[in-house]
Amino acid sequence: PQAINNRFCSKDGGTNALGRQMILASHDIDSTIEKCTVDTIAQRVTEGRGVIISVDASKLWYGKHNRNAGHAVTVTSVKRDSSGKVLGFFICDSGRHETGATYYTKKEIKRSLTGRPMNVTTNIIR
């Protein structure tokens, strides 16, 4: 809906957690907004929930900070070692040209988090 776009999205299409929650709700997808850490990301994905996080795309893609590089991505799965320790995450990223999910280490994700909250859906996002 147009009202959602005007109120919760920037002119370039950028969103914040509240805006994404409103967009999800407009498609009958229940969600919450939660504090975003690598541990909570892993926990929610392991629970079978959908997770959308805010990252600094420049840090995620190139390892460098760039002002105004805020970007939302969907976390699709968690990679763990044999003891259950989180090694990294598979991300679906509309900003990349690769197809499918891209793997990032736990360190890469942690470094790229913006400190903004994440969206968590009741069911996994497919």
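Once backbone amide H atoms are built at 1.01 Å from N, R80 has L87 as its partners under 5 Å, excluding neighbours fewer than 5 places away on the same chain.
K110 exposes around 140 Å² of accessible area when a 1.4 Å probe is run over every protein chain in place.
Karplus-based coupling profile of region 39-47, in residue order and whole Hz: 5, 6, 4, 4, 4, 5, 5, 4, 6, with θ = phi - 60° in 6.51 cos²θ - 1.76 cosθ + 1.60 and x standing for Gly or Pro.
Residues whose amide H lies under 5 Å from that of C36, counting only those 5 or more places away or on a different chain, are M118; hydrogens are built 1.01 Å from N in the peptide plane. Once the Cα-Cα distance is subtracted from the 0.36 nm per residue extended length, the F90 to N123 segment shows a gain of 10.2 nm. Label separation (E47 vs K79): 2.5 nm, computed from points 7 Å beyond Cα along the C-beta direction. In terms of accessible area, using a 1.4 Å probe and ignoring ligands and nucleic acids, L18, L24 rank largest first as L18, L24.
The values are calculated or read from the model by the stated rules, or taken from the named source; none is laboratory data. Being a predicted model, the structure only gives us computed values, none of them experimental. Every residue, glycine among them, receives a Cβ derived from its backbone with ideal geometry; neighbour counts consider all protein chains shown. Ligands, DNA and RNA are excluded from the accessible area calculation, which covers all protein heavy atoms including side chains. Shrake-Rupley method; radii C 1.70, N 1.55, O 1.52, S 1.80 Å.
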